[in-house]
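Report on the following structure.
What follows draws every value from the coordinates through simple rules; no lab data is involved. Please read these numbers as outputs of a predicted model, since none were measured by experiment. Cβ atoms come from the backbone with ideal geometry, glycine included; neighbour counts cover every protein chain shown.
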Amino acid sequence: MFRFIFLNLFIALHTLMFGIYGILLALFGGSAGFVHFFCAVPWAKTVLKVCGVKVEIKGYQPALGKLPRIYMANHCSYFDIFALLSALPVDFKFIVKQELMEIPVFGHAMKRAGYIGIERQDPRKAMKSMQKAAERIRKGASVLIFPEGTRSDEGKLQPFKPGGFHLALKSGCDIVPITITGSHRIAPKGSWSIRRGAIHINVGEAIPLKGRSRKNMREVMDEVKKAMSVSDRILPC
């Protein structure tokens, strides 16, 4: 019980502190990339260390970080965010629900880091957000999307939402599939308990989108899903 209370209180206060720190960095001239590497990354690494969670990454190639990419990962736990920030050495921007961008301090810090909020309830606003995101990617930004749209209840890959793939095809950048395992056991969806353990991240080969259009969307979605699977079986989290 003590560990449960301590860790959740620590994460809340630690997030508040680093949120303020990120805003200050931006106000004093720090770029979005600077805020990412000197605020978001140490924030995530500290949370993982205090919670007793190790992260292992395989398959990452340094050449991936030299060009704008769209990283797509399965989503089993909110600890996926900490794991990706701590282990993926790329200045990427999360695509998140607009509601998260409205949270005091935390949401403002995400805006300063260049993260992109999507208004999912309003199709017109969602389309404008997607166009804005595509423009940022074409100008050199990499983004990270959870194509399932939400966390999995049982640690199994859920059906993909089309929004991220519309964005990918509009921008024309390669998709890099990422498979995360172990995070579901660390902090299951709907639970505040946090267990010690390890999270494994496997970075797949980039899937090129050059020459593809919206008519190829189903084909691209199937390729990404296959890349997140092993022997036709979805990896359990």
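Quick check, is LEU7 touching a residue at least 12 places away in the same chain (Cβ under 8 Å), surrounded by 22 or more Cβ atoms within 10 Å (Cβ to Cβ) and aliphatic (A, V, I, L, M)? Before the answer, list the steps.
Values: touching a residue at least 12 places away in the same chain (Cβ under 8 Å): yes; surrounded by 22 or more Cβ atoms within 10 Å (Cβ to Cβ): no; aliphatic (A, V, I, L, M): yes.
The answer is no for LEU7.
Please determine, by comparing only the residues of the range 59-82 that are among the aliphatic types (A, V, I, L, M) and in contact with a helix residue (DSSP H, G or I) (Cβ under 8 Å, 6 or more places away or on another chain), which one is nearest to SER171 (Cα to Cα). Write out each step before concluding.
Let us first name the residues in the range 59-82 that are among the aliphatic types (A, V, I, L, M), namely 63-64, 67, 70, 72-73, 81.
Of the ones still in play, those that are also in contact with a helix residue (DSSP H, G or I) (Cβ under 8 Å, 6 or more places away or on another chain) are 70, 72-73, 81.
On the way: ILE70: 9, MET72: 14, ALA73: 18, ILE81: 24 Å.
Checking each candidate, the answer is ILE70.
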* Among the residues of the range 154-190, which ones are in contact with a Pro (Cβ under 7 Å, 6 or more places away or on another chain), of a type in the set (Gly, Ala, Ser) and on the phi < 0 side of the Ramachandran plot? -> GLY164
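Specify which of the listed residues (SER213, SER129) is in contact with a Leu (Cβ under 7 Å, 6 or more places away or on another chain) and either on the phi > 0 side of the Ramachandran plot or among the hydroxyl-bearing types (Ser, Thr, Tyr) (or both). Break it down into steps so the answer makes sense when it comes.
On the way: SER129 fails: in contact with a Leu (Cβ under 7 Å, 6 or more places away or on another chain).
Of the residues listed, the single one that is in contact with a Leu (Cβ under 7 Å, 6 or more places away or on another chain) and either on the phi > 0 side of the Ramachandran plot or among the hydroxyl-bearing types (Ser, Thr, Tyr) (or both) is SER213.
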* Please give the number of the condition VAL90 fails out of (1) assigned to a loop (DSSP other than H, G, I, E, B); (2) of a type in the set (Val, Ile, Thr); (3) over 16 Å from CYS173 (Cα atoms). => (3)
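Given the options ILE103, ILE178, ILE137, name the one that is within 30 Å of GLY30 (Cα to Cα), of a type outside the set (Gly, Ala, Ser) and either in a loop (DSSP other than H, G, I, E, B) or touching a His at 6+ places or on another chain (Cβ under 6 Å) (or both).
Values: ILE178 fails: either in a loop (DSSP other than H, G, I, E, B) or touching a His at 6+ places or on another chain (Cβ under 6 Å) (or both); ILE137 fails: either in a loop (DSSP other than H, G, I, E, B) or touching a His at 6+ places or on another chain (Cβ under 6 Å) (or both).
Being within 30 Å of GLY30 (Cα to Cα), of a type outside the set (Gly, Ala, Ser) and either in a loop (DSSP other than H, G, I, E, B) or touching a His at 6+ places or on another chain (Cβ under 6 Å) (or both) holds for just one of ILE103, ILE178, ILE137, which is ILE103.
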